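One structure is given below, encoded as structure tokens.
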Amino acid sequence: MCSLGLFPPPPPPGDVTLYELNNALVCGRLSEQIPLAFQSQVPDLPVLSLPKEPLKAHGRLEPSARPPFIHHRESLWKRCLSAWRDTGLCGLLRELASAEEEGLRWLRTGSSHALAVCRWLSSLHGSLFPHLSLTSEDMITAFSQAVDWAGCTIRAFAWHPHTNKFAVALLDDSIRVYNSSSATVPSLKHRLQRNVASMAWKPLCASILAVACQSCVLVWHLDPTSLSTRPSSGCAQVLSYPGHSPVTSLAWAPSGERLLSASPVDTAMLVWDVSTESCVQLQWFGGGGVTYLAWSPDGSKVLAATPSAVFRVWEAQMWTCERWPTIKGRCQTGCWSPDGSRLLFTVLGESVIYSLSFSEYRGEMQGQVGGSKTASIVADLAETTFETLYGEERIGGEVHSMVWDPTGERLAVIIRGHPESPGSQPAIAVFRTRNSPVFELLPCGFVRGERGARPQLISFHPCFPQGALLTVCWSSGKISHIPFFFVSTLEPRASPRRSPVPVLGSVREQPLFSEL
Amino acid sequence: MEAAAGGQRALLRQVLGWRVAAAITWSVLLLPICTAAFIVLSGLDPFHPVRWISNSFNDLYTSYVIFCIFLMSVVIIVISIFNVEFYAVVPSIPCSRLALIGKIIHPQQVIHSFVHAIMGMLVAWCATVMTKGRFQFLAVSCTPSESPEDAVPQMCLNEYHLFFLLSGAFLGYSYSLFYLINNMNYLPFPIIQQYKYLRFRRSLPLLIKHSCVESLYFVRNFCVTYYFFGYIPKVWICTTMDLHTDSKLHPLDTLSGLLDLSLFYHTWLSGVFLLMTWYIAWLLFKIYATESHHFPIQPTFAQETDQCLPKILSSNPPLLIKFLALQDLMLLSQYSPVRRQEVFSLSQPGGHPHNWTAISRECLSLLSDLTQRLIAQQEAAAAANGRAKPPVGELKVPPQTPGAVGIEDMSFQSQRSNIVLRASMSPLVKPSLMPVKTSPGSDVGSPFSSPALSYKMGVVDVKSPWHGSVQSPHVVRRGPKLWTSLSDQQMNGSHHESLPVLSAARTGSEAVQPRFIYTWLQNKQEQMKTFLSKRALIMYFFSKHPEASIQAVFSDAQMHIWALEGLSHLVAASFTEDQFGVVQTTLPAILNTLLTLQEVVDRHFKLPHVSSKPPRISGSLVDTSYKTLRFALRASLKTALYRITTVFGEHLNAVQVSTEHKKRLQQFLEYKE
């Protein structure tokens, strides 16, 4: 088991982690350059700084355009109808209970009693699943992969799976798409694009971006050759389903055919056929909703975390699932090894990383997930004090988000730290991993940003040819890219530059001529 | 030939037989549950709950309920047989209102409606028996009147019972009508694989909701019908059975008679019961029939040869079998490395990749068929547009009218792609099926064009300097459609092969009649059409709905989607799994077919009347997924191409394709499509 005590001490304050070379993280001043030998190999990725000030915080606190208009008294019948349309039964009852018309005493008292019953029932429901009593913004804040979703400029980040292109969702509900090979930065805005919790690019496609919004899933069809900086909202498909909002997590099938969406309010997750806008509900009661989805890179399994102390692993052919109760809290995050045989996950309230291995996927075992009996602890991230020249530093605590690079050799983890203790700060720890023949987790180092910047989101470049490239979004609104140079035993699939080498254990290894 | 057909029918029976039997068994087994629910709800008495519950449970074991269940099982079996007889994997979409009316009065459909009405009446009779109370018997003794001299007890007609029976028949008929209009005989294949129980459970709430709402509408319609025409059956029954009408009771075909809440509730409930049992039978059949079937790739025994996948694909089996085979191909290419290995394997003596050749050839011919169809449809659309634009009286169309220029542009593009198409994939497509065109020069050099055509073009084209002249060949080519005068026809007579491709494709061969009469007939037909199209009523019935005709073109696109997915997954897997390089030999053909189809599909979505976004699908029980198949096809075509280019990467530059396609491929490699 790996623990934080084995890590090299964090870099001195003021230094910034620049890259990894020869198995060690190199830090220094920002102005320092990557060694010349590697400079040409790193694509020219935009390093961005998106400070909070220029972004106009959206002034749409009121959900409707009611205030600017003069109040006009309509008949009760019309008001009831509009209340029913806007907010459903509860709104109707509220409207009736507050009616001032004459001769409706019995109706008024009746509806106020019914309203009380409704409230009591919903509070009962809320006591079973406390997250249901949250407002949708608080819910997204609680379940998002971003450390400080509500307060930071960058709310979601997504790398395109095949090209040097990424999308950033900002505080003002707009999305910008940056491309290393073009200077135009499309900015996506839509009436329904509010409170973006997650984004995902469609694999095996040039430019289709799915966005998880408060009320629906938007699928943007961007023309990669277009020079327009403001694609019209006609380019977006709206996928909505009653009772399925807010959407907090999205996952595309690696084969690019289906999209999964999940909401903490809905017990069913939806499998979308985006081209026809039709969906299939995968209902599984218990847990109260689905907060986080992760599709394994080989496409065989899906992790679905719920708001209660249980998570499920679905098998993606016949869509059956295995249920995994956790002891302490809900599953916060999880990530899959490239071959889909190992799942690493963390649990809220515990500062450890669990590992769960699955029997190798052969395709013949229809409808079996094939998980092992128990999960094992592979890393202990309890708070550790590091004595450095510049004073002591305390790092450790719960894991907020975790990503595994496409080659399966580096694992980056955002450790949230304890909010109570003053010295503890969120930090990014990087592990070296190996998945075969035996699973190994070795410490690599801590990634440090500029002074005062806390990590917000992390993501690995899906096809970096020289190793791995970690993109970190900082709380200051800066997005930096940290390359890890190493020679991988496994090439990332779907690399745009070079074609992939056959995967391990392929049949190509057979000799052409026999010895005899 | 006949033996093969017989074998395929046997295969269909073997595959479908068990599924039908299981579906019927389950729907019959679910019948008692529905019946119990019906009995409990029909005796609804909220003021005496204990008595209500105990009474309804006592009723469950009575002999007449058992008899009703038995009778309704027979009804369910009959309904299931109709489901099996009428199912279709490719929906038939009526393109105009007349076609829809034609479908409704088709003898097959009339029988369907008639039998369903009878069955509805039977179910309604069972419902009255189980409801008991005042609905149970058709003839009851009249209420004794005050006058003492009328002591002889008379039998009167129980109008409630008649109302019930007629409502059952009406519901049965409405069910049959909606079955036709909503294309409920269409078997939609699910977008993800799931176990049957889970699929059934997922659809059950929707089914209940749908039957409740439908029943409400049907009963409302029935009440209106009964109000107007109810006296006819009443009088008829009274006279034939010598029954009297009870003067004490309200007649039901009046407003006050119909405003009976209990009657309405019971009619509605029996309607829900009827629709639910029938929908369950229908749903179970749908679930069982679309379940994936595992076809072997290589026969283990010699007599199984007819049942293995390559054989089925290359023969012409019943459509359902073909769909199941393609679905199986898609699944195996995606999930099963072992079966993929069998596809890539070589035959034991001889070393030929028979499996791969058969599968890829069949998939490619499916896709190029679709390409043909789309080209034909685009041609027809372009021609129709061209005819609509210029005024009718005009004899000579100046080629520079704005409408004509646009069309010309489009048709030129299509022509260019046609040349590419013909040059590239002719080994797979029968030359006779290729649209024959008079394109300047290029066809003469093509080795695949027929010598007769080359000769003709030599005659026509060499004499007239088409290039750079004001008159473009495309306008002339469409001459017979544009001009109505006879002399012009004769002048352009040599072009008769280039009549609309659609008609050429339909007849499948060149016109055999003397060309003069043929063109004259064509002319008259056109004139007739323009004459009739000005009459509003006829237009109403004959006018083609553009959306419906587009849907009709893509109605079997599910096959093509599976072929695309299966092929692309196999090709992508071949990069690491294909030991003998069998896929490499067909890779250029596959790429050519896919890229050509991509071009044609792209162009299709640029046609007028073609929406680029799918319509909203309401989450109802009735599946309308056939309306959006073309969008699914477009998406999976692009994904298929990307799947191949992503895996092969730069290696694709070594594949022999035309320069046009090479450019396209490069775009895919750079993720710019």
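The values are calculated or read from the model by the stated rules, or taken from the named source; none is laboratory data. Source: prediction; values computed, not measured. Glycine gets a Cβ as well: all are built from the backbone with ideal geometry, and neighbour counts include every protein chain shown.
Out of curiosity, is residue A:414 of a type outside the set (Phe, Trp, Tyr), in contact with a strand residue (DSSP E or B) (Cβ under 9 Å, 6 or more places away or on another chain) and within 16 Å of residue A:346 (Cα to Cα)?
Details: of a type outside the set (Phe, Trp, Tyr): yes; in contact with a strand residue (DSSP E or B) (Cβ under 9 Å, 6 or more places away or on another chain): yes; within 16 Å of residue A:346 (Cα to Cα): yes.
So residue A:414 passes the test.
For region A:399-426, what are the residues that are within 17 Å of residue A:457 (Cβ to Cβ) and at pLDDT below 90?
Step one: of region A:399-426, the residues within 17 Å of residue A:457 (Cβ to Cβ) are A:399-405, A:410-417, A:425-426.
Scanning region A:399-426 gives A:416, A:417, A:425, A:426.
Can you report the number of residues in region B:639-661 which are more than 13 Å from chain A (Cβ to nearest Cβ) and surrounded by fewer than 16 Cβ atoms within 10 Å (Cβ to Cβ)?
Number of matching residues: 2.
Scan region A:274-286 for residues that are surrounded by fewer than 23 Cβ atoms within 10 Å (Cβ to Cβ) and either touching a residue at least 12 places away in the same chain (Cβ under 8 Å) or on the phi > 0 side of the Ramachandran plot (or both) and jot them down.
A:277, A:281, A:283, A:284, A:285, A:286
Has region B:306-327 got any residue that is surrounded by 19 or more Cβ atoms within 10 Å (Cβ to Cβ) and among the small types (Gly, Ala, Ser)?
Yes, the conditions are met somewhere in region B:306-327.
Out of all the residues in region A:102-126, which are surrounded by fewer than 12 Cβ atoms within 10 Å (Cβ to Cβ) and not in a helix (DSSP H, G or I)?
Within region A:102-126, A:102, A:103 meet the criteria.
Is there a residue being crowded, with 22+ Cβ neighbours inside 10 Å, within 30 Å of residue B:98 (Cα to Cα), in contact (Cβ under 8 Å) with a residue 12 or more places away in the chain and of a type outside the set (A, V, I, L, M, F, W, C) anywhere in region B:531-550?
Within region B:531-550, not a single residue is crowded, with 22+ Cβ neighbours inside 10 Å, within 30 Å of residue B:98 (Cα to Cα), in contact (Cβ under 8 Å) with a residue 12 or more places away in the chain and of a type outside the set (A, V, I, L, M, F, W, C).
Considering only residues that are assigned to a helix (DSSP H, G or I), touching a strand residue (DSSP E or B) at 6+ places or on another chain (Cβ under 9 Å) and surrounded by 12 or more Cβ atoms within 10 Å (Cβ to Cβ), which ones fall in region B:239-278? Walk me through it before giving the result.
As a first pass, look at region B:239-278 and keep what is assigned to a helix (DSSP H, G or I): B:239-241, B:255-258, B:261-278.
From what is left, the residues that are touching a strand residue (DSSP E or B) at 6+ places or on another chain (Cβ under 9 Å) are B:241.
Within region B:239-278, no residue meets the criteria.
Residues in region A:45-59: is at least one assigned to a loop (DSSP other than H, G, I, E, B), at pLDDT 80 or above and of a type in the set (Val, Ile, Thr)?
Scanning region A:45-59 turns up at least one residue that is assigned to a loop (DSSP other than H, G, I, E, B), at pLDDT 80 or above and of a type in the set (Val, Ile, Thr).
Could you go through region A:441-453 and let me know if any residue there is among the β-branched types (Val, Ile, Thr) and more than 25 Å from the chain's Cα centre (by Cα).
Here is the first cut: in region A:441-453, the residues among the β-branched types (Val, Ile, Thr) are A:447.
Pick out the ones that are also more than 25 Å from the chain's Cα centre (by Cα) and you get none.
No; the residues of region A:441-453 include none that is among the β-branched types (Val, Ile, Thr) and more than 25 Å from the chain's Cα centre (by Cα).
Has region B:340-350 got any residue that is part of a helix (DSSP H, G or I), within 14 Å of chain A (Cβ to nearest Cβ) and surrounded by fewer than 19 Cβ atoms within 10 Å (Cβ to Cβ)?
Initial filter on region B:340-350 (part of a helix (DSSP H, G or I)): B:340-344.
The next check asks that each one be within 14 Å of chain A (Cβ to nearest Cβ); those that pass are B:340-344.
When the remaining residues are screened for being surrounded by fewer than 19 Cβ atoms within 10 Å (Cβ to Cβ), the result is B:341-342.
Within region B:340-350, one or more residues are part of a helix (DSSP H, G or I), within 14 Å of chain A (Cβ to nearest Cβ) and surrounded by fewer than 19 Cβ atoms within 10 Å (Cβ to Cβ).
Output the qualifying pairs, or none if there are none: Cβ atoms under 7 angstrom, residues six or more apart or on different chains, first residue in region B:297-317 and more than 18 Å from residue B:346 (Cα to Cα), second residue part of a loop (DSSP other than H, G, I, E, B).
Final answer for the pair search is B:304/B:296; B:307/B:295; B:307/B:296; B:312/B:295.
So for region B:385-393 (the condition being part of a helix (DSSP H, G or I), closer than 30 Å to residue B:607 by Cβ and at pLDDT 90 or above), does at least one residue qualify?
If we filter region B:385-393 for residues that are part of a helix (DSSP H, G or I), which is where we start, we get B:385-388.
When the remaining residues are screened for being closer than 30 Å to residue B:607 by Cβ, the result is B:385-388.
Right, trim to at pLDDT 90 or above and you get none.
No, region B:385-393 contains no residue that is part of a helix (DSSP H, G or I), closer than 30 Å to residue B:607 by Cβ and at pLDDT 90 or above.
Among the numbered criteria (1) under 18 Å from residue A:292 (Cβ atoms); (2) in contact (Cβ under 8 Å) with a residue 12 or more places away in the chain, which single criterion is violated by residue A:141?
(2)
Quick one: residue B:206 ticks every box in (1) closer than 17 Å to residue B:276 by Cβ; (2) within 14 Å of another protein chain (Cβ to nearest Cβ); (3) in a loop (DSSP other than H, G, I, E, B) except a single one, so which number is it?
That leaves (3) as the condition not met.
Yes/no per residue for (1) modelled with pLDDT of 95 or more; (2) within 14 Å of chain B (Cβ to nearest Cβ); (3) under 19 Å from residue A:163 (Cα atoms):
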residue	(1), (2), (3)
A:222	no, yes, yes
A:237	no, yes, no
A:240	no, yes, no
A:244	no, yes, no
A:256	no, yes, yes
A:259	yes, yes, no
A:263	no, no, no
A:267	no, yes, no
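Only helices (runs of 4 or more DSSP H) wholly contained in region B:45-134 count here; list those with 1 or more residues that are under 28 Å from residue B:322 (Cα atoms).
Details: elements: B:49-60, B:63-86, B:97-104, B:107-131.
In region B:45-134, the matching helices (runs of 4 or more DSSP H) lie at B:63-86, B:97-104, B:107-131.
Could you list, in sequence order, the residues of region B:639-670 that are outside any helix (DSSP H, G or I) and in contact (Cβ under 8 Å) with a residue 24 or more places away in the chain?
Restricting attention to region B:639-670, the residues satisfying the condition of being outside any helix (DSSP H, G or I) are B:655-658, B:670.
Matches in region B:639-670: B:655, B:656, B:657, B:658.
Only residues that are surrounded by fewer than 23 Cβ atoms within 10 Å (Cβ to Cβ), touching a Cys at 6+ places or on another chain (Cβ under 7 Å) and polar (S, T, N, Q): list them for region A:421-479, please.
A:475
Tell me, yes or no, whether region B:224-238 has at least one residue that is surrounded by 14 or more Cβ atoms within 10 Å (Cβ to Cβ), without any contact (Cβ under 8 Å) to a residue 12 or more places away in the chain and outside any helix (DSSP H, G or I).
The answer is no; no qualifying residue exists.
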